[in-house]
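Let me begin by presenting the structure, written as structure tokens, before commenting on it.
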């Protein structure tokens, strides 16, 4: 079933103090456009602290829960504040026998490979253990759907 696009009426925008429709694709153009709840503010700050000072953090949530927006905010803040952090966002290419060369690997395939095997987690743990005295040399922030949380809970607990 397809739903028609709903538009906010001017009275609704006025009531909530909105000048643009927040549900349009072009609505979020800067960090100031992001609606922040206490929970998302906490996760946003935890992501920044982990990136800045080291640690391991997993952010999981259903599709559409705001994970990508939080990631974009983190990268924007790192750039605005000239924080000495290098963000490595993996980009995967793969192909099957019947695929066109260079086809992007689907996120579901990546998630499935992580869920079905724990060896990537073992390797990731080895990277995370790299230290210079008391300082961690690598911060890891994993962002994914609830399957990621289940896998990490199985691995770490």
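No lab work stands behind these numbers, since they all come straight from the coordinates. These figures come from a predicted structure and were not determined experimentally. Cβ coordinates were reconstructed from backbone atoms using ideal geometry, including for glycine residues, and neighbour counts include every protein chain displayed.
If the chain between residue 131 and residue 35 were fully stretched, how many nm would it gain, using 0.36 nm times the residue separation less the Cα-Cα distance?
Result: 30.9 nm gained on full extension.
Would you list 20, 52, 44 from fewest to most Cβ contacts within 10 Å?
Result, fewest neighbours first: 20, 52, 44.
Using 7 Å Cα-to-Cβ label points, what is the residue 76/residue 142 separation (nm, one decimal)?
2.7
Please work out the FRET efficiency for the pair residue 18 and residue 153, using the Cβ-Cβ distance as r and a Förster radius of 35 Å; give the result to the nearest 0.05.
0.35
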